[in-house]
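> Take a look at the following structure, please.
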Amino acid sequence: MQLKTRSVNARKGITMKVSLPRQGIQQKVAAPSAQIDILETVKHYLTHDKVEIKHKHHRSKASMYVFFLIDSSGSMVKDKQIAYIKGLVAQTITRYKSKRIKYAAVALNNGDAELLSAPTLHAEELINTLAQLTTGGKTNMRAGFSMIGQLVKTNIQEHVSLYIFTDGKINAGNTDDPFRDAVAFYRQYLTGIKQTTIIDNENGFVKLGLAKKLATSISGGYQHIQQNITIPGDQLR
């Protein structure tokens, strides 16, 4: 086998031929299907005056995770949530083309948490599942945080963005103060998550501001669902 390259003297019309003998070649272990990187092999020869086959490395895309925790109590507006999530998914795909994006969703209804979708690459399937979501009951945010904690393994927390759709009315749990209990659980188990954003669904003339209070309590970001969708700038690199 011969590799042809143009050395520094190539400007004078000289072509260097590098003969690669069948035996005695130092070669790094590579998959049988790996392709030889001609340029890197020649560069190594010119630098070290020794032949060493270099192979092209095909790296898979790094994964990122986008999780949704959705308060589906009677006070929520499902259509707006679906529209917002669709826009968020579209923005995420556009912004992070070099990453494999996995989506998951957990719903809060009837005082408990329900896994709607385990982490999946198929965003459309997740959105279709959300469209079938029923509303009603009280909100147990701690149960939702607990289920998110089961999905978010320690080694992927820094690659996760969590979006919580709620009006902040946390009124179910195992203590007399379910809001405080939920915040305490988040602070203990979920602070390793890269970015958590509260999407405020509160509507009506009287605003209690509980969703914003939740965002402040867990040191998360805050947006109202009627605002333009924005992905935090430092969300994931």
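Coordinate-derived values only; no laboratory data. Only a predicted model underlies this, so the values are computations on that prediction, with no experimental measurement involved. Here the Cβ is made from the backbone with ideal geometry for all residues, glycine too, and neighbour counts use every protein chain on show.
> Counting other C-beta atoms within 10 Å, which of T196, T139, T47, T175 has the fewest, and how do the rest follow?
So the residues, fewest neighbours to most, are T47, T175, T196, T139.
> I've got another one for you. Using a Förster distance of 30 angstrom, determine the FRET efficiency expected from the C-beta separation of N203 and N171, and round it to 0.05.
My answer for the efficiency is 0.95.
> In addition: Mind giving me the nanometre distance, one decimal, between the label points for A83 and L39, set 7 Å out from Cα along Cα→Cβ?
Simple spin-label model gives 4.8 nm for this pair.
> Another one. Looking at this model, which pairs from K50/K97; K97/K213; K102/K212; K138/K207; K50/K99 are more than 30 angstrom apart at the alpha-carbon?
Long pairs (Cα-Cα over 30 Å): K50/K97; K97/K213; K50/K99.
> When the chain is fully extended, how far beyond the present Cα-Cα distance does R100 get from T120, taking 0.36 nm per residue of separation?
Taking 0.36 nm per residue and subtracting the Cα distance, the gain is 6.2 nm.
> So in segment 62-224, what percent of DSSP beta bridges are antiparallel if you round to the nearest 5?
20
> Using the beta-carbon distance between T129 and S63 and R0 = 22 Å, what value does 1/(1 + (r/R0)^6) give for FRET efficiency, to the nearest 0.05?
FRET efficiency, T129 to S63: 0.60.
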